[in-house]
Amino acid sequence: SSDRKFFVGGNWKMNGDKKMIDGICAFLTKGPINGNTDVVVAAPYCYLQYSRDKLPANVQVAAQNCYKEKEGAFTGEISPLMIKDVGGSWVITGHSERRHVMGESDEFVAEKTRFAQDSGLGVIPCVGEKLEEREANQTMAVINRQMKALADKIKDWSSVVIAYEPVWAIGTGKTASPEQAQEVHEKIREWLKNTVNADVAKKTRIIYGGSVKGSNAAELAKKPDIDGFLVGGASLKPEFIQIINARG
Ligand code: PEP
């Protein structure tokens, strides 16, 4: 809905080097970027500061993951405070690659979501079903389970943007149809209304991710419960500008 500010995130995943980031920063600087849209790019940890230094001020920086403690003996992990210290203001949690490649549980995702927001970061928790779950009519059972774990921990919904990312649509070129995405977004909003409250349901942005491209973003953006996108592959290319401006 147009009451909720459009939000477009780019998830670079484990791609790029300084040279590639220079190219992305060049097209983001050229824009144009609609001022009514929040734009955030999630860089690999080691390029957070480099990206912040090169990006225009109207693009915020996110990390793709974080740990659930502020410091300590957690070799290889990164704390939300470190993300902030190097210019990040958001973090993605529970991306399907974290859940299904790295084996992160609903509870662990929820714990880091809570800790990141307590540390002052905006958080983009991801939910979504696998193909076999959709085919077994388990889509909402899976999403409601993931949402319940999050809602048990989240206290402040104002810094949360939920990403609905059907696993079968991520990096596959198979986008959910606008109707398929809208159906799930509407049900997530209904779930928020019943489980958290009506105000949170009305205000929380729910963005769609899964093979969003310049060519399909505008149709998806027309749906009333789709408040923006989380974009993988296409966020590395100049067509990302078209996606950012998809609401028109
Ligand atoms: C993602 O990584 O969150 C994603 C949606 O990837 P892609 O756009 O490449 O499907």
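Residues that are under 26 Å from I244 (Cα atoms) and within 16 Å of the ligand (Cβ to nearest atom) do not occur anywhere in the range 188-204. Of everything in the range 168-187 that is over 17 Å from the mean Cα position of the chain (by Cα) and more than 16 Å from the ligand (Cβ to nearest atom), the residue that is nearest to M140 (Cα to Cα) is K187. When G228, G214, G173, G248 are checked against the criterion of being modelled with pLDDT under 95 and either over 19 Å from E97 (Cα atoms) or of a type in the set (D, E) (or both), a single residue qualifies: G248.
Per the conditions (1) under 25 Å from V39 (Cβ atoms); (2) assigned to a loop (DSSP other than H, G, I, E, B), the sole criterion not satisfied by N137 is (1). Against the list (1) assigned to a helix (DSSP H, G or I); (2) aliphatic (A, V, I, L, M); (3) under 19 Å from K187 (Cβ atoms), the condition A110 fails is (3). Of the residues making up the range 211-248, those that are closer than 14 Å to A176 by Cα, near the ligand (Cβ under 10 Å from one of its atoms) and β-branched (V, I, T) are V212, V231. Just one of the listed residues (I92, I83) is buried (at least 22 other Cβ atoms within 10 Å of the Cβ) and either in a helix (DSSP H, G or I) or basic (K, R) (or both), namely I83. So how many residues does the range 64-118 have that are within 16 Å of the ligand (Cβ to nearest atom), closer than 19 Å to A43 by Cα, without any contact (Cβ under 8 Å) to a residue 12 or more places away in the chain and among the acidic types (D, E)? Total meeting the criteria: 0. Taken residue by residue, the range 129-141 has no member that is more than 23 Å from G232 (Cβ to Cβ), in contact (Cβ under 8 Å) with a residue 40 or more places away in the chain and among the polar types (S, T, N, Q).
The values are calculated or read from the model by the stated rules, or taken from the named source; none is laboratory data. Small disclaimer: the values here were computed from a predicted structure and weren't measured. Here Cβ is always computed from backbone atoms with ideal geometry, including for glycine, and neighbour counts include all displayed protein chains.
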